[in-house]
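A short worksheet on the structure shown next.
The values are calculated or read from the model by the stated rules, or taken from the named source; none is laboratory data. Everything numeric in this text was worked out from a predicted model, so none of it was measured. Backbone-built Cβ (ideal geometry, glycine too); neighbour counts: all protein chains shown. With ligands, DNA and RNA removed, areas are computed over all heavy atoms of the protein, side chains included. Shrake-Rupley method; radii C 1.70, N 1.55, O 1.52, S 1.80 Å.
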Amino acid sequence: DDAVDEIFPLHRQYHTIASTAKKPNVVVIILESIGQEYSQLLSKHKHGHTPFLDSLLKQSLYYDLAFANGMRSTQGIAAISASIPALMEDPYLFSAYQANTISGIGTLLKQEGYTSAFFHGANPGSMEFEDFAKLCGFNYYLDRKDFGDDRFYDGHWGIWDRPFFQFTANTLDTIQEPFYAQLFSLSSHHPYKVEPEYEKSYPNQDPLSRSVRYT
């Protein structure tokens, strides 16, 4: 036992230090269907489709190893929002356990005085995200209905990313601090349609690459 403790101590003593620092607002942006291969910086390819994101990475702390907790959007949201990995064939959100009481990130942060909001520009009821957000303790869930302007509806999934991201930023100005916000994009999803002006900007790119660049 003494040797084990010396190599890898299992028992540790931590001392809590009271802090008067202001609790930070936190925004997590989840990008639909985007992987390392689209980034010139992360993939080391000659060309990339995420020049703006790459410019941020050069000024940021980032991790160049990425591991998936699932293969579908619903599995990713369950992993990020409630630390539930894809352990079943069916996504948790569609499983027999979808109504179970769980402690999500909203539940835990509420105990720390946080207001939480989940933003996703999709149609109401899409992928059971709204119900799952409630289970995870989010105070608000905002989607296409809350955006309220179907001039920016893509005709398939919901509101295009550019206007919905701006809506998210404007809404966060009105939410009580400290807040935790989770934004899930949607334009880089099949059928990969983007706003007409951006379709024209990159006419020679395949639809998937163009939608990734747009987002």
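From the list T101, T107, pick out the single residue that is more than 24 Å from Q36 (Cα to Cα), among the β-branched types (V, I, T), out of contact with any Lys or Arg (no Cβ under 7 Å at 6 or more places or on another chain) and modelled with pLDDT of 95 or more. Criteria check complete, one pass: T107.
Scanning region 69-100 for residues that are part of a loop (DSSP other than H, G, I, E, B) and among the β-branched types (V, I, T) turns up just one, I84. Name the single residue, out of those in region 13-66 being under 30 Å from Y202 (Cβ atoms) and β-branched (V, I, T), that is most open to solvent (accessible area, probe 1.4 Å). Ranking the candidates gives I29 first. Only a single criterion out of (1) closer than 25 Å to K110 by Cα; (2) out of contact with any Lys or Arg (no Cβ under 9 Å at 6 or more places or on another chain) is not satisfied by R162, namely (1).
Output the residue which, of all residues in region 67-83 that are hydroxyl-bearing (S, T, Y) and at pLDDT below 95, is least open to solvent (accessible area, probe 1.4 Å). The residue in question is T74.
Residue check: L87 meets all listed conditions (1) of a type in the set (A, V, I, L, M, F, W, C); (2) surrounded by 17 or more Cβ atoms within 10 Å (Cβ to Cβ); (3) free of Cβ contacts under 8 Å to residues at least 12 places away in the same chain but one, namely (2). Just so you know, in region 147-162 the residues that are among the charged types (D, E, K, R) and within 19 Å of I34 (Cβ to Cβ) include one that is surrounded by the fewest Cβ atoms within 10 Å (Cβ to Cβ), and it is R162.
Looking only at region 101-113, which residues are outside any helix (DSSP H, G or I) and either touching a residue at least 24 places away in the same chain (Cβ under 8 Å) or of a type in the set (D, E) (or both)?
T101, I102, S103, G104, E112, G113
Any chance you could count how many residues in region 75-123 are in contact with a Pro (Cβ under 6 Å, 6 or more places away or on another chain) and under 24 Å from G158 (Cα atoms)?
Here the count works out to 2.
Could you look through region 125-146, keep only residues that are among the acidic types (D, E) and under 22 Å from G76 (Cα atoms), and pick out the one that is surrounded by the most Cβ atoms within 10 Å (Cβ to Cβ)? Among those that are among the acidic types (D, E) and under 22 Å from G76 (Cα atoms), it is D143. Only residues that are open to solvent by less than 60 Å² (accessible area, probe 1.4 Å) and either more than 20 Å from the chain's Cα centre (by Cα) or of a type in the set (A, V, I, L, M) (or both) were counted across region 163-190, and they come to 6.
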